[in-house]
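A.B. asks: Structure incoming, see below.
Coordinate-derived values only; no laboratory data. Fair warning: this is a prediction, and the values are worked out from it, not measured in the lab. Using ideal geometry, Cβ is built from the backbone for each residue, glycine included, and neighbour counts are taken over all protein chains shown.
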Amino acid sequence: METTVFEARARELVDDIKEIVKVKGLSLEDELEKAGIARNSSDRILNQGTMPNLSEFLALCQISGITFHLPYVETTNSPM
């Protein structure tokens with residue numbers, strides 16, 4: 001059941017990204033191709049509702065201007 005919730009949320013995010021790119025006046029298909037995503041893959045994502053893989057999703061985020069700030073912990077180089 002949780003997978004369905006996550007998939008639904010992911011589809012909402014992809015729809016939001018489409019809207020953001022549309023407002024920017026960009027062609028998402030062209031921008032994805034510039035990012036190295038094949039036309040058939042972008043067609044599956046944008047027109048057929050297929051879930052993007054991680055690299056495709058990150059490309060969508062980058063094109064739309066969505067950034068991620070991942071937490072990190074600095075560790076020393078000395079062994080424990």
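A.B. asks: Which of the residues belonging to region 41-63 are of a type in the set (Ser, Thr, Tyr) and in a helix (DSSP H, G or I)?
C.D. replies: Scanning region 41-63 gives Ser41, Ser42, Ser55.
A.B. asks: In this structure, does Lys18 turn out to be touching a helix residue (DSSP H, G or I) at 6+ places or on another chain (Cβ under 8 Å), surrounded by 14 or more Cβ atoms within 10 Å (Cβ to Cβ) and not in a loop (DSSP other than H, G, I, E, B)? Write out each step before concluding.
C.D. replies: Working: touching a helix residue (DSSP H, G or I) at 6+ places or on another chain (Cβ under 8 Å): yes; surrounded by 14 or more Cβ atoms within 10 Å (Cβ to Cβ): yes; not in a loop (DSSP other than H, G, I, E, B): yes.
Answer is yes for this residue.
A.B. asks: Here's something else I'd like to know. Of the residues that make up region 64-72, is at least one free of Cβ contacts under 8 Å to residues at least 60 places away in the same chain and in a helix (DSSP H, G or I)?
C.D. replies: yes
A.B. asks: Follow-up. Pairs needed: first member in region 31-55, within 16 Å of Arg11 (Cβ to Cβ); second member anywhere, surrounded by 12 or more Cβ atoms within 10 Å (Cβ to Cβ) and small (Gly, Ala, Ser); C-beta distance under 7 Å; at least 6 residues apart or different chains.
C.D. replies: From region 31-55, the pairs are Met51/Ala10.
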